[in-house]
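Read-outs: derived from the displayed coordinates by stated rules, not from any lab. Only a predicted model underlies this, so the values are computations on that prediction, with no experimental measurement involved. Cβ atoms come from the backbone with ideal geometry, glycine included; neighbour counts cover every protein chain shown.
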Amino acid sequence: MRPSKGIVLDGGSDDAVFLLPGQVSAQWREDRSLFTLCPAADVDQVFVDLADLETRTWLAELLREQLAPLGVKYLDVPEVTNTDRSVTRFLAKTLYSVTDDDGNPRFGGIRYASRYDACVDCWAVFDRFSVTIESTTRIDLADQTFVTAAKELGLTVF
């Protein structure tokens, strides 16, 4: 949704709704909600922390042969948060398939640093990880996180 800097488009003169690159419609916000999630009480799965150097080093050594064809010699943060998602998808698929001695899923998801802001944590929650919804809120124009993200990404919101 972010426009390339060199692209300029004219919205035209007709009455049709036309969003330029970088514009976010009110309908987008109305169709989505913000959720606060918590692990269910009986969950014993842990999350793999890809922001942690020791974890990435362990994974790189363990998966060296599988990562080599993807061009990865050292598993660093850019390989995990890169726009080329092949390494990220490979890691997620591999970690999703890990089980304990009884055949139960070992991991509930992955924690990683946002590529937009390394101080922001992102959580990829595997579909089998049991969560409860603590709260649900609408995304409105006054939401400070939404306003900040839109500004930093160069988006115009309605």
Note to self: Just to confirm the number: angle between the C-alpha axis of helix 53-62 and the first principal axis of the chain, 0 to 90 degrees, nearest 10?
What the structure shows: 60 degrees
Notebook entry, point to check: Among Leu75, Pro105, Ser135, whose Cα sits farthest toward the positive end of the charge dipole of the chain (+1 at Cβ of Lys/Arg, -1 at Cβ of Asp/Glu, about the Cα centre)?
Noted result: Leu75
Notebook entry, point to check: Tell me, what is the percent relative contact order of the range 39-131, built from C-alpha pairs under 8 Å that lie six or more residues apart?
Noted result: 34 percent
Next item on the list: Mind putting a number on the dipole of the chain about its Cα centre? Charges go on the C-beta only, +1 for Lys and Arg and -1 for Asp and Glu, and I need it in Debye to the nearest 20.
Entry: 460 debye
Notebook entry, point to check: Could you list, bin by bin from short to long, the percent of Cα-Cα pairs of the chain in 5 Å steps?
Noted result: 1, 7, 13, 15, 15, 15, 13, 10, 7, 3, 2, 1, 0, 0
Margin query: Restricting to bridges with both residues inside the chain, how much of the DSSP beta-bridge set is antiparallel, in percent to the nearest 5?
Written below: 70 percent
Next item on the list: Per residue of the range 149-158, in order, report the coupling 6.51 cos²θ - 1.76 cosθ + 1.60 (Karplus, θ = phi - 60°) as ³J(HN,Hα) in whole Hz, putting x for Gly and Pro.
Entry: 4, 4, 5, 5, 8, x, 9, 9, 10, 10
Margin query: Give me P(r) over the range 39-131, computed from all C-alpha to C-alpha distances, binned every 10 Å, as integer percentages.
Written below: 15, 48, 31, 6, 0
Notebook entry, point to check: Quick one: Karplus J couplings for the range 136-148, per residue in order, coefficients 6.51, -1.76, 1.60, θ = phi - 60°, nearest Hz, x for Gly and Pro?
Noted result: 9, 9, 7, 8, 10, 5, 8, 5, 5, 5, 5, 4, 5
Check: Could you give the angle, 0 to 90 degrees to the nearest 10, between helix 86-97's Cα long axis and the longest principal axis of the Cα atoms of the chain?
Finding: 50 degrees
Notebook entry, point to check: Once you charge only the Cβ atoms, +1 for Lys and Arg and -1 for Asp and Glu, what is the size of the charge dipole of the range 39-131 about its Cα centre, to the nearest 20 debye?
Noted result: 420 debye
Next item on the list: Kindly rank 48-55, 68-75 from highest to lowest mean number of other beta carbons found within 10 Å of each residue.
Entry: 48-55, 68-75
Next item on the list: For Phe126, list long-range residues whose amide hydrogen, built 1.01 Å from N in the peptide plane, is under 5 Å from its own amide hydrogen.
Entry: Gly109, Ile110
Item checked: Amide H partners (placed H, <5 Å) of Val131, local residues excluded -> Ala40
